[in-house]
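Down below is the structure, laid out as structure tokens.
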Amino acid sequence: MLANALYGASIGVGMLAERHMLARGAGAQEMTLARQQVIRASGADGPGVIGALHWQTGQVSHVLKGLDKQGCGPVVAAAARAASGLLSLLACSAVFSTDDERAGQIPDELARARKDLAETLAEIYELPATAAALFPGSLADLEGAPEPTPTSGRTPGPADAPPGHRQAVASVA
């Protein structure tokens, strides 16, 4: 419990420092270095960084799933599924040996990540049409946004992505 409190304190202080840095005009390089120091200060170093990222992603995923259940909209729904997919990938990344008891969970975690990320992708492709329906006449021209691809109730895969996006999707599937 003390470790979690210390971890939370270091992250909280890092978030406050980040806000002040941004207000003073810090750039991407400074912010990246500062974030690395916060992770290191939290006690996560080397392989522990994956564990820290998994923990943080779990927190994000939990909040987003709660917001999604409250009906906060399609962007939050897509973000919730993306966070869940990332959580599964990080769970796999935290296994460093076949002797690790979690090694046997990797196939299920990868399947969950593929499903969540495919659903996320389908939701993202639907966002322009959804936004146009929710806010008729108030959005900028959505021309050029990829057209959603029907999947006939099955889990979308690489072939469902618009032609310009298939290569990126193929690496997920």
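From the list ALA122, ALA118, ALA133, ALA140, which residue is among the small types (Gly, Ala, Ser) and at pLDDT below 75?
Details: ALA122 fails: at pLDDT below 75; ALA118 fails: at pLDDT below 75; ALA133 fails: at pLDDT below 75.
Sole residue among the options that is among the small types (Gly, Ala, Ser) and at pLDDT below 75: ALA140.
Hey, VAL95 hits all of (1) more than 18 Å from the chain's Cα centre (by Cα); (2) of a type outside the set (D, E, K, R); (3) part of a helix (DSSP H, G or I); (4) crowded, with 16+ Cβ neighbours inside 10 Å but one; which does it fall short on?
(3)
Just the residues that are in contact with a helix residue (DSSP H, G or I) (Cβ under 7 Å, 6 or more places away or on another chain), at pLDDT 90 or above and either open to solvent by less than 40 Å² (accessible area, probe 1.4 Å) or among the polar types (S, T, N, Q) (or both), please, taken from region 41-69.
Just the residues of region 41-69 that are in contact with a helix residue (DSSP H, G or I) (Cβ under 7 Å, 6 or more places away or on another chain), to begin with: 41-44, 49-50, 52-54, 57-58, 60-61, 64-65, 67-68.
Checking the rest, the ones that are also at pLDDT 90 or above come to 57-58, 60-61, 64-65, 67-68.
Hits for region 41-69 are THR57, GLY58, SER61, LEU64.
Among the residues of region 103-112, is there at least one that is modelled with pLDDT of 95 or more and buried (at least 17 other Cβ atoms within 10 Å of the Cβ)?
Checked against the condition, which is being modelled with pLDDT of 95 or more and buried (at least 17 other Cβ atoms within 10 Å of the Cβ), region 103-112 yields at least one hit.
The values are calculated or read from the model by the stated rules, or taken from the named source; none is laboratory data. Keep in mind the model is a prediction, meaning the values are calculated, not measured. Counting neighbours? That spans all protein chains shown, and the Cβs are built from the backbone with ideal geometry, glycine included. Surface accessibility is based on the protein's heavy atoms, side chains included, excluding ligands, DNA and RNA. Shrake-Rupley method; radii C 1.70, N 1.55, O 1.52, S 1.80 Å.
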